[in-house]
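Below: the structure, in structure tokens.
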Amino acid sequence: MSDIAALGAQAETMIAALAKISAEPARLVRLYLSPEHRRAADLVAGWMREFGLTVSEDALGTVRGHWPGNGARKRLLIGSHLDTAIDAGKYDGPLGVIAGIIAAEHFVRAGRALPFAIEVLAFGDEEGSRFPSTLATSAACVGAFEGSTLALTDRDGVSFADALERYGKDVAKIPAAAYRRDDVAAYVEVHIEQGPVLEAQDQPLGVVTGIVGQSRLRVTVSGVAGHAGTVPMAHRRDALSGAAEMALMVERLAREHDGMVATVGQIAALPGATNIIPGRVDFTVDLRAMSDAARLAAVAELQARAQKIAQARGLAVAFEPFHDAAAVECAPALQQGLAASISALGHRPIHLPSGAGHDAQMMAKLCPSAMLFVRCKGGISHNPAEYASPADMGRAIAALIHFIEHFEPR
């Protein structure tokens, strides 16, 4: 078994190096196709070459490090992403890329021929922090990139297509980023849990059973703006009061379904003055569940209840769905392999679903996919306090190496 302490220390050093690449000095911000993304991608590509991998980069900026094994056609893909949330922690995404690189290096150094190749992927658009899109880079790998994404713009009005061009990419080459199904055996992703389950059960590693489906909507509530001092309460058509009632309804609706979560994450009231009754409110809803049927039924129920609230208050409400991702079950055979690898380290494998979206969710459209979760302190993520210990990261990499050693392409 590999030296867990050494593996964890190596991972921590590499993660710390990546964390220094940020658009802001006081917090970690590394957006897709930004100068910081370029620097991070170049650093990762340098590590790949140093560790004996052949490096390429596709039309969406995904860095690929390839080790041929014994020259077999099939490839085991291992990866995660380099982009971050705003004011992010340093482990979400980079850990999976770094774990793949270190695990691949183990086989390069050992000179052991495996009956499949290893390819480590460093994606770039998992968080959706720059453009109103997500998983665009992994979508290109599975041949599911949508051309309409190219017209999306960031907060500065820069289009996805223009950002790609500035990054040095040719949009005409995007179709060539797709893998052929016959060339890929499986995809595996190492990721911090982003939740409290592993810590609560005092176990360092978990096997993901599936990734929840997601629905996201923009909701617009329209009323009548008026003077805050002269319009009596009984005559008001206050869009913000109606939106507030709807937000609480969203919370109640999710609590009515086991395992479902719903979040009102953004809200803006217009015209936004202290002495004016809000005439319009825009807010977002993010609703997730492991059952797609339950999720879609809940979205329909949410809209029906919001309409009733609006009618009772003399308001109008409109909905704009802007993201829909189906739930994904992780491949049972890969789950078994990861569980066996955790057990080989002397730990009890915890089986749990992922409430967050991941590139593995997209890669499952191409090949069998699975995820290995790593315990994180307090279950905190998307936060500077995000933390996974070197010991747990070392265990995760050791488990990944064990998994690779016993993996058999089907």
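The values are calculated or read from the model by the stated rules, or taken from the named source; none is laboratory data. These numbers come from a predicted model, not from an experiment. Every residue, glycine as well, gets a Cβ built from its backbone with ideal geometry; the counts of neighbours run over all protein chains shown.
Scanning segment 105-130 for residues that are under 29 Å from V29 (Cβ atoms) and buried (at least 21 other Cβ atoms within 10 Å of the Cβ) yields E119, V120, L121, A122, F123, G124, D125, E126, E127, R130.
Counting only residues that are in a loop (DSSP other than H, G, I, E, B) and either surrounded by 15 or more Cβ atoms within 10 Å (Cβ to Cβ) or on the phi < 0 side of the Ramachandran plot (or both), how many does segment 153-176 have? Within segment 153-176, residues that are in a loop (DSSP other than H, G, I, E, B) and either surrounded by 15 or more Cβ atoms within 10 Å (Cβ to Cβ) or on the phi < 0 side of the Ramachandran plot (or both) number 7.
Scanning for something in contact (Cβ under 8 Å) with a residue 24 or more places away in the chain, out of contact with any Pro (no Cβ under 9 Å at 6 or more places or on another chain) and either surrounded by fewer than 16 Cβ atoms within 10 Å (Cβ to Cβ) or not assigned by TED's automatic domain parsing to the domain that holds P271 (or both), does segment 247-258 turn up at least one residue? No, there is no match, as no residue in segment 247-258 is in contact (Cβ under 8 Å) with a residue 24 or more places away in the chain, out of contact with any Pro (no Cβ under 9 Å at 6 or more places or on another chain) and either surrounded by fewer than 16 Cβ atoms within 10 Å (Cβ to Cβ) or not assigned by TED's automatic domain parsing to the domain that holds P271 (or both). Of all residues in segment 381-393 being closer than 19 Å to V208 by Cα and either more than 22 Å from the chain's Cα centre (by Cα) or in a loop (DSSP other than H, G, I, E, B) (or both), which is modelled with the highest pLDDT? Residue satisfying both the conditions and the ranking: A388. Just give me the residues in segment 345-371 being farther than 12 Å from G210 by Cα and of a type in the set (G, A, S), in sequence order. Across segment 345-371, the qualifying residue is only G346. When the strands (runs of 3 or more DSSP E) confined to segment 54-129 are screened for residues that are in the same structural domain as A140 (by TED's automatic domain parsing) and farther than 20 Å from I401 by Cα, those reaching at least 2 such residues are found at 54-57. For segment 195-228, the tally of residues that are assigned to a loop (DSSP other than H, G, I, E, B) and buried (at least 22 other Cβ atoms within 10 Å of the Cβ) stands at 3. Against the test of being of a type in the set (S, T, N, Q), at negative phi and within 16 Å of the chain's Cα centre (by Cα), the options S369, S343, S291 yield a single qualifying residue, S369. Taken together, V158, V120, V190 contain a single residue that is at pLDDT 95 or above, among the hydrophobic types (A, V, I, L, M, F, W, C) and within 13 Å of the chain's Cα centre (by Cα), which is V190.
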